[in-house]
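Student: Below is a structure I'd like to ask you about.
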Amino acid sequence: MEKPGRALSAAVREHLRQLCLREFPCGTGSWNKSRFLPRTPRAWRELIPRDEEVVSPGEESVEALLDLVRSPHSPWALLEGSSAEDRFLKELAIQNPLVLKDTFFYSYFRSLRVVDKQVNLVDKGLLKFLKLEELVLSANQIKEVDAINLPPTLKVLELYGNKITSMECLCAHPPPRLQHLGLGHNKLLGPLESLYVTADHWPNLVSLDLSFNDLTDLQGMIASLSTLQHLRLLVLQGNPLGLVPYYRGFTIDSLPRLCVLDDITVSPSEKYQFRGLSHHGDLLACEAQLVVTIGNVKGVPDTSILDPDPGPQGPFISYSYYVTYGFVEDEEGEGSKYGGVLAEVGSPRAVPGARGLGGARGLLCSRTASWSPENPLNWSFLTVKPSARGEQLGPDVREELSEGREDSAESGQSSPSGEREDSPASGASAAPPWVTDSAEELAGLAQLRPRADPRLRPSPGTVLFSTTRKPWTDVIPCNYEMQHSLRDLVPLKAFLLAGTTVTIVEEKILSWPLVPPPVDIVSPAKKGKGEKDKKGKKDKDKEKDGNDKAGKGEKGKAKEQKAAKKKELPKELRQDPPILSVLGSGLLALEPLLAGEPLVSSVCNFGVIRTPEIDRLMFLRDLKKNKKAKNEKKKSALAISESDYQPQPLTVEVQVQLNQCRSAEEALRDFAL
């Protein structure tokens, strides 16, 4: 709950009251009354404090009283974080308390700091401070500042962490001598803000901090700042305009007198590299580019070791693993360049028609699919047409449909031309009979799929991206790289502040024979003949097998058994909806990209999810496959049961890089309209 605000002058009075300048050990009282004469008309010589020699034995000396204020263990010590002015006033109230009057306060203060005191109004009481040069009002609730109430002697004004939405209020009557203006971490928004940072309002400004606002018009802002002849230090990082790749180079070339930009000294080499870029500002596209790279996944348990062997009736179980992350969705119509580059050759690209929750077209995964050992995840799809009836679906159903579109975009196979082989655009025949426009039927199909884990759903305003499904290995290489290009920079800034959720998913698919194996049914009259034929056939097979086995070794037997088992697999299988399990999920902080860092690289650690039982079974399985390393595998299997067993944690390598231009030529080559 937000605390009620108050005026600045009231906060100053409350602060002075909390200093207790008229109470022990400060002020006058029984602890030092002999040092000060009573307040009666006397000669000016009698108003001077008496010497320490005449102090009454029952009173405290000045040194003892000062020790009570300075000692950190004293109950009268200043609070931690007190300013130098507070310490001076406290000691002055001990040494000469008669000086502390209102006229003294208003003429003494040159620096006034009122931080996090719930101030929301800068009133006229501030004008009483006749020599005030520095005013710090950070972390308060100020929305507007009536500039006419600011002392004309101000040289430094800091308003960090308030709720100011426009600089227009400050420009009505700005302090003419102001040299530093700090407005970072406010809510400045809109292209008109560039009109309030000109030399007409701030002729002597040397330092300006507008960091972490919502400013987007880079060229307009820089054009206004170029009129400030004395500007030497500028901070604009944290604004959406700082996310464009040519931001630093364009700013340096446009403001040749600038010495420090975003707390980094402007070097002569930078000025040389970006020379001439300011003359081509109209040709530069206002978009940000970020590249997401996902590397190896480690520490995934092979849960297939716990599954029983499939029988003739199934189920045939397949596992795959992938990594998902959310990324902001562009709202300006151009869209992000979702056709990112996958480092793995032959991997499917993102489907432009399946942009996510807001896409106009999508694909819904069906319950039947063509299956083969070479391609166990070859799903068929249903085309969902956009119509008014589709909007009648409930929110849960629409989410399931959207999830189906995203799954199809990742698992669908593309033709050389970029289209799916079974899509209507690629010359496929008429739509299958199960395609429907009925909202009720679509809802029924969507309900066939299991409800997804909430961690697999993107947060509002984002789209869920995922790597290619990969089978289990000790180290699963994702080899994923996607470039996101966005023009809507304000939502991008909010997304970077919030971070993205990285999730490792296990996908389990059960497949069943589409047609059960045929069973021969014979009549009773022909039963004897059938049994005789079967017996004769078995005898021939046994005789043939015996001849073959006589001329083959152990290796030949193994190959033959494997080939026979493969032939027994049915060619067409019915696949159940995938069973998705979240193995690990965590938040990846992206705020350093706003603060000027070009790269965020992290190994996301989700803890240990492997168990000694699964690892022991995996070692025993590998032992059967590789007899040469039999002794080593036995030792490893035994080590699992020991107390010092330390399995590898579940980790994934993730990098997010903000593209930044290194020269004027690079900016003009890559971002010219």
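Student: Return the total of residues in segment 463-479 being of a type in the set (F, W, Y) and either at pLDDT 95 or above or more than 25 Å from the chain's Cα centre (by Cα) (or both).
Tutor: Let us first name the residues in segment 463-479 that are of a type in the set (F, W, Y), namely 465, 472.
Then drop every residue that is not either at pLDDT 95 or above or more than 25 Å from the chain's Cα centre (by Cα) (or both), which leaves 472.
Of the residues in that region, 1 qualify.
Student: Within the set of pairs 6+ apart or on separate chains, which have a first residue in segment 446-462 that is modelled with pLDDT of 70 or more, a second that is charged (D, E, K, R), and C-beta atoms under 7 Å apart?
Tutor: Listed pairs, sorted by first residue: R457/E399; G461/E329; T462/E329.
Student: Hey, another quick one. L283 fails exactly one of the following numbered conditions: (1) touching a Leu at 6+ places or on another chain (Cβ under 6 Å); (2) buried (at least 18 other Cβ atoms within 10 Å of the Cβ). What is the number of that condition?
Tutor: With (1) touching a Leu at 6+ places or on another chain (Cβ under 6 Å); (2) buried (at least 18 other Cβ atoms within 10 Å of the Cβ) applied to L283, the lone miss is (2).
Student: If I filter segment 583-592 for residues that are under 30 Å from G311 (Cβ atoms), surrounded by 13 or more Cβ atoms within 10 Å (Cβ to Cβ) and at pLDDT 75 or above, do I get at least one hit?
Tutor: yes
Student: Only residues that are closer than 27 Å to G238 by Cβ, free of Cβ contacts under 8 Å to residues at least 60 places away in the same chain and either open to solvent by less than 10 Å² (accessible area, probe 1.4 Å) or over 34 Å from the mean Cα position of the chain (by Cα) (or both): list them for segment 128-138, please.
Tutor: Result: E134, L135, V136.
Student: Let me ask something else about it. Look at S269 and say whether it is free of Cβ contacts under 8 Å to residues at least 60 places away in the same chain and either surrounded by fewer than 22 Cβ atoms within 10 Å (Cβ to Cβ) or touching a Gly at 6+ places or on another chain (Cβ under 6 Å) (or both).
Tutor: Answer is yes for this residue.
Student: Look through P4, P49, P72 and report the one residue that is part of a loop (DSSP other than H, G, I, E, B), modelled with pLDDT of 75 or more and either surrounded by 16 or more Cβ atoms within 10 Å (Cβ to Cβ) or under 55 Å from the mean Cα position of the chain (by Cα) (or both).
Tutor: Being part of a loop (DSSP other than H, G, I, E, B), modelled with pLDDT of 75 or more and either surrounded by 16 or more Cβ atoms within 10 Å (Cβ to Cβ) or under 55 Å from the mean Cα position of the chain (by Cα) (or both) holds for just one of P4, P49, P72, which is P72.
Student: Next question. Could you list all residues from segment 650-665 that are open to solvent by less than 40 Å² (accessible area, probe 1.4 Å) and either under 14 Å from L243 (Cβ atoms) or out of contact with any Ser or Thr (no Cβ under 7 Å at 6 or more places or on another chain) (or both)?
Tutor: Once the filter is applied, which keeps residues that are open to solvent by less than 40 Å² (accessible area, probe 1.4 Å) and either under 14 Å from L243 (Cβ atoms) or out of contact with any Ser or Thr (no Cβ under 7 Å at 6 or more places or on another chain) (or both), segment 650-665 yields L650, T651, V652, V656, L658, C661, S663, A664.
Student: Go through (1) at pLDDT below 80; (2) surrounded by fewer than 16 Cβ atoms within 10 Å (Cβ to Cβ) for N605 and report which single condition fails.
Tutor: It fails just one condition, (1).
Student: Same structure again: Out of curiosity, is G81 at pLDDT below 80, under 25 Å from S9 (Cα atoms) and open to solvent by 30 Å² or more (accessible area, probe 1.4 Å)?
Tutor: Here the answer is yes, as G81 does meet what is asked.
Student: OK, next. Given the structure, is P577 assigned to a loop (DSSP other than H, G, I, E, B), touching a strand residue (DSSP E or B) at 6+ places or on another chain (Cβ under 9 Å) and at pLDDT below 85? It would help to see each step written out before you state the result.
Tutor: On the way: assigned to a loop (DSSP other than H, G, I, E, B): yes; touching a strand residue (DSSP E or B) at 6+ places or on another chain (Cβ under 9 Å): yes; at pLDDT below 85: no.
Taking the combined requirement at face value, the residue does not satisfy it.
Student: To continue, here is another question. Taking only segment 139-197 into account, find how many residues are buried (at least 20 other Cβ atoms within 10 Å of the Cβ) and of a type in the set (S, T, Y).
Tutor: 0
Student: Restricting to segment 88-123, what's the tally of residues that are open to solvent by 60 Å² or more (accessible area, probe 1.4 Å) and touching a residue at least 24 places away in the same chain (Cβ under 8 Å)?
Tutor: Matching residues across segment 88-123 total 10.
Student: Looking at T611, is it under 22 Å from the mean Cα position of the chain (by Cα) and either modelled with pLDDT of 80 or more or closer than 26 Å to Y319 by Cα (or both)?
Tutor: no
Student: Restricting the first residue to segment 297-308 and requiring it to be among the basic types (K, R), which pairs with a second residue that is outside any helix (DSSP H, G or I) meet a Cβ separation below 6 Å and a spacing of at least six or different chains?
Tutor: Final answer for the pair search is K298/V475; K298/Q648; K298/T651.
Student: Are there any pairs with C-beta distances below 7 angstrom linking a residue in segment 67-86 that is in contact (Cβ under 8 Å) with a residue 12 or more places away in the chain and among the aromatic types (F, W, Y) to a residue that is surrounded by 12 or more Cβ atoms within 10 Å (Cβ to Cβ) and outside any loop (DSSP other than H, G, I, E, B), with the two at least 6 apart or on different chains, and if so which?
Tutor: From segment 67-86, the pairs are W76/L68; W76/V69.
Student: Within segment 288-309, how many residues turn out to be in contact with a helix residue (DSSP H, G or I) (Cβ under 8 Å, 6 or more places away or on another chain) and open to solvent by less than 20 Å² (accessible area, probe 1.4 Å)?
Tutor: Total meeting the criteria: 4.
The values are calculated or read from the model by the stated rules, or taken from the named source; none is laboratory data. Because the structure is predicted, anything quoted here is derived from the model rather than measured. Note that each Cβ is placed from the backbone with ideal geometry, even for glycine, and that neighbours are counted across all protein chains shown. In case anyone asks, the SASA skips ligands and DNA or RNA and just uses the protein heavy atoms, side chains included. Shrake-Rupley method; radii C 1.70, N 1.55, O 1.52, S 1.80 Å.
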